[in-house]
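Worksheet: one structure, shown below.
The values are calculated or read from the model by the stated rules, or taken from the named source; none is laboratory data. Just so it is clear, the model here is predicted, and its values are computed rather than measured. So basically every Cβ, Gly included, is an ideal-geometry build from the backbone, and we count neighbours across all protein chains shown.
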Amino acid sequence: MVLLQFIPPQNSMKKIFVIIAIIVCAPDMSAQLFTKERVKNIQNIDKRRLSYGYTLGFNSYDFNFDYKATPEGEEPILDADIAVTKSAGFNVGLLGNLRINDYLDLRLEPMVTFSKRTLTYTSPFIEPSQSVREVNSTYIHIPLLLKISTKRLNNFKPFIVGGISTSINLSSNENNPDDNSVGQFRTTTNTNYYELGFGIDFYLYYFKFTPSIRGVFATSDELVKDSDPNSPYTSAIDKLSTRGIFINFTFQ
């Protein structure tokens with residue numbers, strides 16, 4: 001009779017059993033959710049010394065203007081900034097990847113990019129009918145990039161990327177004798193950049209798919225000035241440089 005007094009009621013026994021089950025199973029459930037390894041696709045693709053692929057993507061190019069300081073007492077040639085209207089362009093290219101170790105890769109990504117920017121001037125020295133210039137560009141863009149990756153997590157691997165690049169603008173009109181006096185805005189053919197970005201490698205059943213986003217920033221002056229030193233289109237500009245964003249999808 002004394003022993004029966006210490007036997008917990010049936011409901012209490014159920015509660016104790018549930019609590020014990022939760023304590024025992026919780027670590028195992030957490031491990032399954034967050035640390036359980038899954039079957040890895042294409043496990044040896046990152047072991048290759050050299051690998052190749054191709055890239056498709058979109059771009060948005062902009063211009064950054066640095067203006068000359070107006071001497072005191074003189075009227076400025078431009079009384080407002082030049083407005084740039086951006087349009088979405090596209091890229092297509094190839095990828096060559098050199099593996100350094102499990103976390104570092106050197107990449108060469110030559111591509112062709114197409115873009116369009118529209119410049120709108122608000123200067124009183126320019127007729128409204130001549131205030132718009134369309135800048136259509138076709139670049140052969142060649143970046144050399146260092147890819148820094150994390151450890152592969154099941155079937156994906158985040159990374160950051162950065163490096164330098166150069167481009168050849170096939171539509172620059174640098175050597176065209178016509179300038180803005182007859183409606184032709186000119187830029188240099190060759191431009192140098194630095195690039196920074198990030199992305200994620202996804203290891204699918206048959207191939208590796210990599211979406212990434214990258215900022216592109218020109219380091220050189222791209223403006224070809226008009227013949228007239230007092231041209232309202234170019235005389236007030238000290239430096240013109242491209243900046244842009246690439247959204248690329250790579251297949252390896």
Just one of TYR139, TYR194 is within 30 Å of ASP102 (Cβ to Cβ), outside any loop (DSSP other than H, G, I, E, B), of a type in the set (Ser, Thr, Tyr) and touching a strand residue (DSSP E or B) at 6+ places or on another chain (Cβ under 7 Å); which is it?
TYR194
Only one of LYS151, LYS157 that is of a type in the set (D, E, K, R) and exposed (fewer than 12 other Cβ atoms within 10 Å of the Cβ):
LYS151
Are any residues in region 153-189 modelled with pLDDT of 95 or more, closer than 25 Å to PRO211 by Cα and either in contact with a Lys or Arg (Cβ under 9 Å, 6 or more places away or on another chain) or of a type outside the set (A, V, I, L, M) (or both), and if so, which ones?
LYS157, PRO158, PHE159, ILE160, VAL161, GLY162, GLY163, SER165, THR166, SER167
Would you point out the residue of region 66-87, among those that are surrounded by 13 or more Cβ atoms within 10 Å (Cβ to Cβ) and either touching a Lys or Arg at 6+ places or on another chain (Cβ under 7 Å) or modelled with pLDDT of 90 or more (or both), that is farthest from THR138 (Cα to Cα)?
VAL84
Are any residues in region 121-163 of a type in the set (D, E, K, R) and in contact with a Ser or Thr (Cβ under 7 Å, 6 or more places away or on another chain), and if so, which ones?
GLU134, LYS157
I'm trying to understand the selection: among the residues of region 175-191, which are part of a helix (DSSP H, G or I) and either touching a residue at least 60 places away in the same chain (Cβ under 8 Å) or loosely packed, with under 15 Cβ neighbours inside 10 Å (or both)?
SER181, VAL182
